[in-house]
Each structure stands twice: as C-alpha cells, then as structure tokens.
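Before any comments, here is the structure.
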Amino acid sequence: MKQTMKAARLFGPNDLRLMDVPIPELGPRDILSKVKRAGLCGTDYSIYSGEFSFVKNGLVRFPFTPGHEWSGVVVAVGSEVVNFKPGDRIIGETFVSCGKCDFCLRGRYDNCQDVRSVGTINAWDGGFAEYTVFPDRHIFHLPDSVSFDAGAFVEPAATSLNAIQMASVQLGDVVLVHGSGPLGLLAAKLAKLSGASKVFVTGRKDAKLTVARSFGADVAINTTRESFAEVLARHTTNGKVDRVIETSGSFELLLQSLDVIRTRGTLAAVAFYDRVLQQVEIDKIVFGQISLVGASGSTGTYEPVMALMASGDLDITPLISGRYRLKDILQGYRDMKDRNDIRIKWLVDCDDAEQGQ
Ligand SMILES: [Zn+2]
Ligand SMILES: [Zn+2]
C-alpha cells in the first residue's frame, strides 16, 4: 500500500497546489476509497476566487483538499466497518459529523453541532485527490448500473431534489426554475419527473438554455433578452406559476418572482445570496399566502436520486461539459470563469493521477 497520494490542496484564494501528501491512517469506522470522478462546483470556484462569504468571514480555513461531489471504490476499511468492503462502488456525503454528540449517537447526523463540511467550511478533505478517508456513516453504495460520472452528480441532484421537495412540487404544477447551472437544470428535470405539467428555466447563456430544453425545460428564457414575466404571460393562465425554484443567487429574480406566484404557491431558495432582505413587500407574501422556504443540503435525498439514475429516468450525461485530469485541475478552476458561457459541470478524472506527471 502506498503511503502518499496526489492531492489538490487549496492554501488560500488563488493558491491551489497539486502535491504529495500522506494517506491518512484509518480509524476503526473509517473507509479508504480510491477516487474515480469528482465534480467541480460553483462553490469550489467561489472559495478559490475568495468571493465566497465564508472565506471573507473566516469560516473557511486553509489549507484543505476541495471536492465534495465525488465517486470512488473502497480500497480498505477499518476493523469495525461491516457494511462496506474493498471493491465496493461508493459515493460520499458533503459533511462529516463528530460521531460523538447526542445527535450523532442517535443517528441524526445532520443536527450535529460540530460538523465539518467536505472541502468548504471547517473543511474535511474532499475528492480532488487520489484517495479519500470518510467515516462509514457518511458513505453510500453506488448501484452497479450507475456510472462513476453519474455518481459525481448524486450530491447536486440530491440538493435539487431537496429543493423540489421543500417547494412541495405537486402533480400538474407549473414550475419556474431560475438558473441554468447544474442545480437549476437538475431541478427542472426533477420537477418534470415529479409530475410538473410545465417547467420554465431562466438563464443568461444560450448554450446552457439549449441543454435545458433537452433536460426538463418546456420553455427556456434568456433573461438578457426577455423578461421572464412576459414569457410567463404568454404561456400560462394569468402569467402565474405554482412553484419557483431559485438557484441563480440573484436577489432581483427572487424578489420579482413574488409577482408571478399563484395564491398558496411556494418559492424555494437554493443559492447563496450573501444579502440582507430589504424592501420586500411582506403583504405580497401574506395576501398571496406564499411560502418562502430555504433549501440547502441533500440529507435524505441521495437514495431516490440514485434510484432514478439506476432506472434510467435521470441521465446526467448532457450536463457534462468538460473533463480534466487531476494533474490539470488548476486549468479546470480557471476555466470555471473563462468558459462559463458553455460550462455546466466539469468533471475531474482522479484515477489516472500518476500518468503524465
Ligand atoms: Zn456542490
Ligand atoms: Zn455530532
């Protein structure tokens, strides 16, 4: 067994280094996995660029290994692990709980007060590396029929499904999704799979909106050219929708959406806003009986997402817009910004890290 591995370590904004680091020792309930695929997320980029609010307020502490959307294969397990064995195909959760507090001991890990987020806040080392080490309670089996590529999409898809559930999308609903990145497109597809009768997606890049049209959106709206409210007026009764899923992070879109939600409709906000709510006409929410809900994380939605992937109903292939080898990951980060017009999701291939060094 090797003692060291290649890992992409982030030492601070704009300071990512591919380096040899020790492979961590395994505790009795830990799992060592060979990483196969890891997705580059907008959050990863905003930490790298330093724009992320939690970098500014010091909650992101350097250095660490980013990469919270990964899939891999078990290589070794600790002495007390019973549900996993070497060779198992797996994915990991985006946080690691303390394992000791009252909540953890009762299995309610998402209530743990001492959480480390994978590759972000108070970071646990993530998947931009040859290997990861995770406690078994945060590892899931990946069905045999689900590819490692799709495995890297389970977390973003589970986050979008959580938003769909928080928004209470019902059979026959008209749904408006703001944002044509991975969360928006996955929300559009999952809304359709949840029985939405019509799904609208807004975005600013034509290439992504073209993908949206083949991935759940009945109507895709480029907001740099058209007002979404005008498009809704042409395609719906009274220009209103039942549910809005806001993934773009645009405060303006969030506010404008209050004007297009039907009575008793729901608006679920999934993005980071880094803003204080001001100038909101609260009476609009009161008289419209609008539910404004926050949706973050993916606890409880991994299994249904993997089931949809295994059944073939959720094929994420159209969302892969580029691939990088681990040794080229810095280019992937740079292209997040430079090629944003076409980028939905970059995947990092981590299983050939030794080649071409
Ligand atoms: Zn992410
Ligand atoms: Zn805990």
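Which value, in debye to the nearest 20, gives the size of the charge dipole of the chain about its Cα centre, when Lys and Arg are +1 and Asp and Glu are -1 at the Cβ?
340 debye
Using Cα pairs closer than 8 Å and at least 6 residues apart in sequence, work out the relative contact order for the chain, in percent.
17 percent
Could you name the aspartates and glutamates whose alpha carbon sits less than 13 Å from that of Lys192, not counting residues in the same chain fewer than 8 places away?
Asp173, Asp218, Asp313
What translational D, rounded to a whole number of µm²/s, comes out for the range 12-106 from Stokes-Einstein when the hydrodynamic radius is the Kirkwood one over Cα pairs, at 4 °C and 1.567 mPa s?
Estimated via Stokes-Einstein, D reaches 83 µm²/s.
Going by a ≥ b ≥ c, the root eigenvalues of the Cα gyration tensor, does the range 117-176 fall in the rounded group (a/c under 1.5), the prolate group (a/b larger than b/c) or the oblate group?
prolate
Quickly work out the Glu230-to-Ile282 label distance, labels modelled 7 Å from Cα along the C-beta direction, and quote it in nm with one decimal.
According to this spin-label approximation, the distance is 3.4 nm.
Report, in deg cm²/dmol and to the nearest 500, the calculated mean residue ellipticity at 222 nm for the chain, where each DSSP H run with n ≥ 4 adds -39500 (n - 2.57) and the sum is divided by the residue count.
-7000 deg cm²/dmol
Could you sort the peptides 279-289, 14-24 by per-residue average Cβ neighbour count (10 Å cutoff), highest mean leading?
Those peptides, ordered most packed to least, come out 14-24, 279-289.
Relative contact order for the range 139-263: what is it in percent, counting Cα pairs under 8 Å that are at least 6 residues apart?
It comes to 24 percent, rounded to a whole number.
State, to one decimal in nm², a quarter of the convex hull surface area for the C-alpha atoms of the chain, i.e. the direction-averaged projected area.
Across all orientations, the chain yields a mean hull projection of 18.1 nm².
Over the range 50-189, consider all pairs of different Cα atoms and compute the Kirkwood hydrodynamic radius from their mean reciprocal separation; express it in Å, one decimal.
16.9 Å
How big is the Rg/Rh ratio for the range 30-71, C-alpha atoms only, Rh by Kirkwood, two decimals?
Across the range 30-71, the Cα-based Rg/Rh ratio is 1.05.
Using a probe radius of 1.4 Å on heavy atoms only, what accessible surface per residue do you get for the chain? Whole Å² is fine.
Result: 44 Å² per residue.
Tell me, what is the Rg over Rh of the range 76-155, with Rh the Kirkwood radius over Cα pairs?
We get a ratio of 0.96 for the range 76-155.
Return the inverse of the average 1/r over all pairs of distinct C-alpha atoms in the range 156-294, which is the Kirkwood hydrodynamic radius, in Å to one decimal.
Result for the range 156-294, one decimal place: 14.5 Å.
Please give the contour-minus-distance gain from Asp20 to Thr263: 0.36 nm per residue of separation, less the Cα-Cα distance, rounded to one decimal in nm.
In short, 81.8 nm is gained.
Simple spin-label model, 7 Å along Cα-to-Cβ: Arg213 to Ala307 in nm?
For Arg213 paired with Ala307, the spin-label model returns 3.4 nm.
The values are calculated or read from the model by the stated rules, or taken from the named source; none is laboratory data. All values derive from a computational prediction rather than experimental measurement. Glycine gets a Cβ as well: all are built from the backbone with ideal geometry, and neighbour counts include every protein chain shown. Only protein heavy atoms, including side chains, enter the accessible area calculation; ligands, DNA and RNA are left aside. Shrake-Rupley method; radii C 1.70, N 1.55, O 1.52, S 1.80 Å.
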